[in-house]
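Chemist: Let me give you the structure first, and then I'll get to my questions.
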């Protein structure tokens, strides 16, 4: 969309009355979701706030892209203070005690701590050809391996989305055998999902027009103990072999990602 972001008041970015009134139902939906626990909530942010953020989203190519994301042909930026103040306001809300308490209720986890460093989080964006290879997330924080990543929160800011563009968030079964659910990244849709060693997800290469990108805000939440089935020893992302993929291609990817993970962690310290 062309034009300057609208001026909005930065109070009450989230409708807590709606969220908290439905917290028990959201928890039930989260627990029974397949193929693993997750929840989709529409219109997470106030509509004018979400529109402001969508319009103010920095152009592709000007985001801070760490080496790790070169292999995924997408970019992300945790340095939100370089951009419009709307992003600081949103992440302060997502990291605040009231929203964190809501996430705890949905996920059934006490003592969640939002990652205010935005390691690997922040502003995610991908253009034509972008993809996110099927994987399960790393289990500990890059700066503190005693903190276990337990919950992801994504909010999509794509004002227009065509199913033919690909880019649906794919949730695969715990054996990474097949995709069980697709979630379109439509405007102001929020996905809250568990993090485990078998919560495999990703998205296919985008078929976007050249003037479009796939935009998402990402916030991560950590706890002092791992999830059931989550390894206690720190590990990078888990990348299963894809059907029809050659062994050479698979191991090339694994080696590259292992090297990059170490570089990324070193640069973060």
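Chemist: Output the residue which, of all residues in the range 199-235 that are under 16 Å from the mean Cα position of the chain (by Cα) and not in a strand (DSSP E or B), is nearest to residue 95 (Cα to Cα). Can you show your working first?
Modeler: Going residue by residue through the range 199-235, those that are under 16 Å from the mean Cα position of the chain (by Cα) are 199-204, 213-222.
Next cut, not in a strand (DSSP E or B) only: 199-200, 204, 213.
Numbers: 199: 23, 200: 25, 204: 29, 213: 25 Å.
Out of the qualifying residues, it is 199.
Chemist: Failed condition for residue 215, given (1) within 30 Å of residue 14 (Cα to Cα); (2) at pLDDT below 95, with all others met?
Modeler: All conditions pass for residue 215, except number (2).
Chemist: Within the range 141-153, count every residue that is touching a strand residue (DSSP E or B) at 6+ places or on another chain (Cβ under 6 Å) and either closer than 11 Å to residue 222 by Cα or surrounded by fewer than 21 Cβ atoms within 10 Å (Cβ to Cβ) (or both).
Modeler: 7
Chemist: Kindly check whether there is at least one residue in the range 58-72 that is at pLDDT 95 or above, closer than 25 Å to residue 194 by Cα and not in a loop (DSSP other than H, G, I, E, B). Reasoning before the result, please.
Modeler: Initially, the range 58-72 is screened for residues at pLDDT 95 or above, giving none.
The answer is no; no qualifying residue exists.
Chemist: Before we move on, is residue 155 part of a strand (DSSP E or B) and closer than 19 Å to residue 43 by Cα?
Modeler: Values: part of a strand (DSSP E or B): yes; closer than 19 Å to residue 43 by Cα: yes.
The answer is yes for residue 155.
Here's the yes/no breakdown for (1) without any contact (Cβ under 8 Å) to a residue 40 or more places away in the chain; (2) in a loop (DSSP other than H, G, I, E, B); (3) under 25 Å from residue 205 (Cα atoms):
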residue	(1), (2), (3)
94	no, no, no
100	no, no, no
120	no, yes, yes
135	no, no, yes
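Chemist: While we're here: Among (1) free of Cβ contacts under 8 Å to residues at least 60 places away in the same chain; (2) farther than 13 Å from residue 14 by Cα; (3) part of a helix (DSSP H, G or I), where does residue 105 come up short?
Modeler: (1)
The values are calculated or read from the model by the stated rules, or taken from the named source; none is laboratory data. This is a predicted model, so every value here is computed, not measured. Note: ideal-geometry Cβ built from the backbone for every residue, glycine included; neighbour counts use all protein chains shown.
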